[in-house]
Each structure stands twice: as structure tokens, then as C-alpha cells.
1. Using only the Cα atoms of the range 170-222, build the gyration tensor, take square roots of its eigenvalues as a ≥ b ≥ c, and label the shape rounded, prolate or oblate: rounded if a/c is under 1.5, else prolate if a/b is larger than b/c, else oblate.
2. Classify the range 37-96 from the C-alpha gyration tensor, please: rounded if a/c falls under 1.5, else prolate or oblate depending on whether a/b exceeds b/c.
3. If you take the square roots of the eigenvalues of the alpha-carbon gyration tensor of the chain and sort them as a ≥ b ≥ c, do you get rounded (a/c under 1.5), prolate (a/b over b/c) or oblate?
4. For a Förster distance of 25 Å, can you work out the FRET efficiency between the beta-carbons of S110 and K57, rounded to the nearest 0.05?
5. Mean residue ellipticity at 222 nm from the helices of the chain, using -39,500 (n - 2.57) per DSSP H segment of n ≥ 4 over the full residue count, to the nearest 500 deg cm²/dmol?
6. What net charge is computed for the residues neighbouring S214, neighbours being all others with C-beta under 12 Å from the C-beta of S214, Lys and Arg scored +1, Asp and Glu -1?
7. When only Cα pairs under 8 Å and 6 or more residues apart are kept, what is the percent relative contact order across the range 139-282?
8. Could you do me a favour and compute the accessible area per residue for the chain, 1.4 Å probe, result in Å²?
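The values are calculated or read from the model by the stated rules, or taken from the named source; none is laboratory data. As the structure is a prediction and not an experimental result, all values here were calculated from the model. Neighbour counts run over all protein chains shown; Cβ positions are idealised from the backbone, glycine included. SASA here: full protein model, heavy atoms, side chains in, ligands and nucleic acids out. Shrake-Rupley method; radii C 1.70, N 1.55, O 1.52, S 1.80 Å.
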Amino acid sequence: MKVAVILCTYNRCRALAVALESVAASQVPEAVDWEVLVIDNNSKDQTREVVEAFIQKYPGRFRYFFEVRQGKSCALNSGIREARGEILAFMDDDVTVDPNWLYELVKPLSDPQLAGTGGRVYLPNDFSPPSWMAIEGQNSLVSILALFDLGPDSGPIAKPPVGNNMAFRKAIFTKYGGFRTDLGPTPGSEIRHEDTEFGSRVLNGGEKILYVPSAIVRHAIPERRLKKEYFLAYHYDFGRALIRVKGYRRPVGIIPRPLISFSNRLLFLLPRKIWWWLRESDPQKRFFNKCAVWAMAGEIAEILHLSFGSEREEPNFDLQP
């Protein structure tokens, strides 16, 4: 089995060094030929120097590639093109992986019936949520922090894994295309969900993805991500991403679908969500409902943008440069 670990990074050289050190310590059988391909997406810090130090320290294990087109999806697609493995594993520059993470994640893909796998993502051991943040139940906001934990049992999943702990056959990208370049974070934008959109595309194609709880990643949570402002901005961009994923929809009779969608959200859904937010007294439920208002505002803004914006990026997941 030949495996390539793809890690995209942007201006996080300190966290990157920690992430690379963790994957360098991977315990993988000799029968598995593996490399780590680091895609530098226009970093202005010491990212290249950090990667080159690892290349010298671990000869033949790490490779460096510079992607000038800004955006994580562009970097991911470049990594897919450049990777030499038949199996592609993905991690982020702000995680640490367990020593057995890589082998546990890719081992099930010896079964040709599987298209991909998704591992378990833990929060830091010292994680302490703010008082306004629910971490359990229907009002939980913890998924925003890239937590992915479906329990201790392995099995097929109906929801896509998250991008900091997943693996797919390279042939799956040939079949379904790469990551959408109109999704994925860029400097100044938190419009994400490039990973879950791809996973949903694969699942909707009838492919099987296996949940592997023994493939464990630990995701760092910087202090700025535990601020209300971050959660609200995230939900606003989440609403925008939802509309982008839906794409073009046929008109209802002679009435354009965007007009129907805009009116429904502005006149009915948004006022209802505002009412739920303002009437709630429980701090955790109140903030959860406030986030829902921001997400709806993002949907409305994106409908207007797609309908009248003069400069908008069309959905593209072509792996060609």
C-alpha cells in the first residue's frame, strides 16, 4: 500500500512544526510506503524553513510544494495532483496525531469496497467551554471546533468525515472531482465545508465510508475560537456555504427560485428565528438561537450575492491546474 498524507498550511509555522513532529512519529508497518506532502499556500512566515528542516531530518519522508493560488481548496487539489500514493490521508496544521493514527486510518482501505475512512477528532484534554456554549444535546455548538466523535464502535457512516482526519482512495477524486474552490477558507473568509461537501458528494454517489474510532487526532483550539464573535462569524459564513452548495435550482413556474428563497427567508424564517432568540432566557440556548439567526442572515446575503453579484466564483472541483 502506498500512502500520501496531505497537509495544507498557511502562516502557522509554529503549529505546523508540532503537527509534523507528531506525524513523523507514526508507527507504520514496513509494507506501507508513505510520505507527507506539505502544501504551502502562500505563507509569509517561516513555513518553508520548518518543512525543509523536517525534510533533512527525515530523508524521503516529507515533501514540500508551494501553491500560489490562494484558498485551502486550491491547495488541497494541488496536493491530490502531486501525491504519489494510491491512498490519500488528510490532516491539518493545527492538530496532533496519535502514533498509530495513519495506519489505523488507512488499514481498512485494503477492502476495495470502501471509498474512504474517517477518524475520531478529540478536543484538547484541558478544553473548558465558555458558560454560553453547550457541548451536548440539540443545542451543542461543539462541531464548529471540528470535533468528530461517533462513539467507540467502527462502522459505515451516513455523514461525511471532517477534513483534518480522513482518507480516500486517489481514484475517488478522479471519479468525483476534487474540492470545490468556491468553498474552503481563504484569508478574510471562513466559508468552509469544502471537506464535508466532498464527503457528501461521495456518499450520494453510493460509495461507502468507514468510521474508524482508533484513528485519533487531537485538534488545538486557539483562544480566538472561543469568542462569541468567532461563532457568529462562522455561522454567517456557514449560511453562505449552504446556499453555494445548493447551487442552481429550477424556477417554480415563471417565478425565479432565488426570489422565492429570498422572500421565504426574509419574511418568514428570519423573523421566527429572531423571535426564538430574543424570547429564550437560558444562556446556552439563547446563544445557539442567535447563531441560527446569523446563519440565516448569511443565507440571505448569499442569495443576493449569487443573484446580483457581478463577481462570483462558479463551482469548480476540477483537479487540473
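1. Numbers: a/c = 2.52, a/b = 1.15, b/c = 2.19.
Oblate is the answer for the range 170-222, as a/c is 1.5 or above yet b/c matches or exceeds a/b.
2. Values: a/c = 1.59, a/b = 1.08, b/c = 1.48.
It comes out oblate by the Cα gyration axes.
3. Working: a/c = 1.74, a/b = 1.49, b/c = 1.16.
Prolate, because a/c is 1.5 or more and a/b exceeds b/c.
4. On the way: r = 30 Å, r/R0 = 1.20.
Approximately 0.25, to the nearest 0.05.
5. Numbers: 10 runs with 121 residues, N = 321.
Value at 222 nm, helices only: -11500 deg cm²/dmol.
6. Details: positive: K107, R120; negative: D98, E104, D153.
Summing Lys and Arg as +1 and Asp and Glu as -1 gives -1.
7. Dividing the mean separation by the residue count of the range 139-282 yields 27 percent.
8. Details: 15750 Å² over 321 residues.
So the chain comes to 49 Å² accessible per residue, rounded to a whole number.
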